[in-house]
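Here the structure is laid out as structure tokens; the discussion comes afterwards.
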Amino acid sequence: MPIPRTAPSRAPILALAALLLSVAGAHAQDRGSVTPKPLPPLEHPDAPSTPAKALFGRITRPAAGPAHIYGFYAKGCFAGGEALPLDGPNWQVMRPSRNRMWGTPYLVDFLERLSQKAARVGWPGLLVGDMAQPRGGPMITGHASHQIGIDADVWLTPMPDHRMSRAEREETSATDMVRSDRRDIDPEVWTPTHLHLIKLTAEQPEVERIFVNAAIKKALCREAAGSRWMSKVRPMYGHNYHYHIRLSCPAGQDDCQPQGPPAATDGCDDLDYWFSDAVLHPKPPKVPPKPKPAMTMAALPAACRMVLKAQ
Ligand SMILES: [Zn+2]
């Protein structure tokens, strides 16, 4: 997803902003259910107009075989998925009812390693939010990306000192790290350890980008402007309850489409846009933007049909 820096043309960006705000609202603070209802079967699953999210959103198991990534973060799928176990020494999976604790083995291994390292910098453990669906692909609610099993949301709430019950995992609220005027972090909840966790994550060579709310980026800039790792940490709408970790395409995954590297700067000098009235207090458009038609299978790599149908 392009990140506006100097915002040469703002109209499409603002329309996107409204969309992303609504999408981001469906993240960490949304409660799940201990007894989720399965989606009803589709009447015409093979119709070309069927949204790909309706198909991938109904898949509950991974496609067997070696890990294979097809496509781009916001337009793709993967085979050979693995679930992050609900509990580890230094992590717990949140909102398991969403069944989005899946990823490629690269992501699962990465999160397990990161959780150990995080404990060493004083972060008690990772509360892991959405990763991907069992075979990736677009989702019925939430994210545009998270489609190829190398994106993960991690809560900015430290892990509690006990193993949470299913109900707690579904119902506990994440902490909003941003002040109510959206111009800075909330000093009541933001701690130096939050910076240590984000810095640690950004320093991992597998990490391609991290998305945080602009107010969080601003707080990081106060402490760490000029640091190399800061170039990976980019401001984004939402992301005030969790941060988003995006890994690079792993070696040997030639069907994984990389994105361009982030700008080499720390990104601390061009945050004004994010605190402008247009972003913080967007006016509703005079003419509501036409809803974009949902992505169909035709928009995804052809191999995603195989992934979808695989046993
Ligand atoms: Zn995310």
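Nothing in this text is a laboratory measurement; each read-out follows from the coordinates by a stated rule. Being a predicted model, the structure only gives us computed values, none of them experimental. No Cβ is skipped: glycine too gets one built from the backbone with ideal geometry, and neighbour counts run over all protein chains shown.
Quick notes on this one:
- Of the beta bridges in the chain, as assigned by DSSP with both residues counted there, near 75 percent are antiparallel.
- Span from the the stretch 148-209 Cα centroid across to the the stretch 39-104 one, whole angstrom: 23 Å
- From phi via Karplus (6.51, -1.76, 1.60), per-residue ³J(HN,Hα) for the stretch 42-57 in Hz, x at Gly/Pro: 7, 6, 10, x, 8, 5, x, 8, 4, x, 4, 5, 5, 7, 5, x
- For the pair Arg179 and Ala302, label points projected 7 Å from Cα toward Cβ lie 5.5 nm apart.
- Taking a ≥ b ≥ c as the square roots of the eigenvalues of the alpha carbon gyration tensor, the stretch 69-309 is rounded, as a/c is under 1.5.
- For the chain, the relative contact order comes to 23 percent (Cα pairs under 8 Å, sequence separation of at least 6).
- Shape call, the stretch 98-137: gyration tensor on alpha carbons, a/c limit 1.5: oblate
- Estimated vicinal HN-Hα couplings, Hz - the stretch 262-272 in sequence order (Karplus 6.51, -1.76, 1.60; Gly, Pro = x): x, 3, 6, 7, 6, x, 8, 8, 10, 8, 3
- Simple Cβ-charge dipole of the stretch 161-311, Lys/Arg +1 and Asp/Glu -1, about Cα centre, in debye nearest 20: 620 debye
- Considering only Gly136, Ala299, His146, and ranking their Cα positions along the charge dipole of the chain that arises from unit charges at the beta-carbon of Lys, Arg, Asp and Glu, the one farthest toward the positive end is Ala299.
- Most tightly packed first, judged by the mean number of other beta-carbon atoms within 10 Å of their residues, the peptides 88-96, 57-65, 36-44, 125-133 read 125-133, 88-96, 57-65, 36-44.
- Take each peptide in 277-285, 203-211, count the other Cβ atoms within 10 Å of every residue, and average; sorted highest first, the result is 203-211, 277-285.
- Positive-end residue, the chain charge dipole about Cα centroid, Cβ charges, pick of Ala67, Trp123, Val108: Ala67
- Packing order of peptides 189-199, 265-275, 75-85, highest average first: 75-85, 189-199, 265-275 (average count of other Cβ atoms within 10 Å over each peptide's residues).
- If the segment from Asp186 to Arg61 were pulled out straight at 0.36 nm per residue, it would be longer than the present Cα-Cα gap by 41.0 nm.
- Amide H contacts of Ala294: none lie under 5 Å away among residues 5 or more positions distant or on a separate chain (H built 1.01 Å from N in the peptide plane; Pro and chain starts excluded).
- Note that the stretch 304-309 has calculated 3J(HN,Hα) couplings of 5, 5, 5, 4, 4, 8 Hz, one per residue in order, obtained from phi through the Karplus relation 6.51 cos²θ - 1.76 cosθ + 1.60 (θ = phi - 60°); glycine and proline are x.
- Taking other C-beta atoms within 10 angstrom as a stand-in for reagent exposure, Arg246, Arg120 fall in the order Arg120, Arg246, fewest first.
- For the stretch 172-311: rounded, prolate or oblate by the Cα gyration tensor [a/c cutoff 1.5]: oblate
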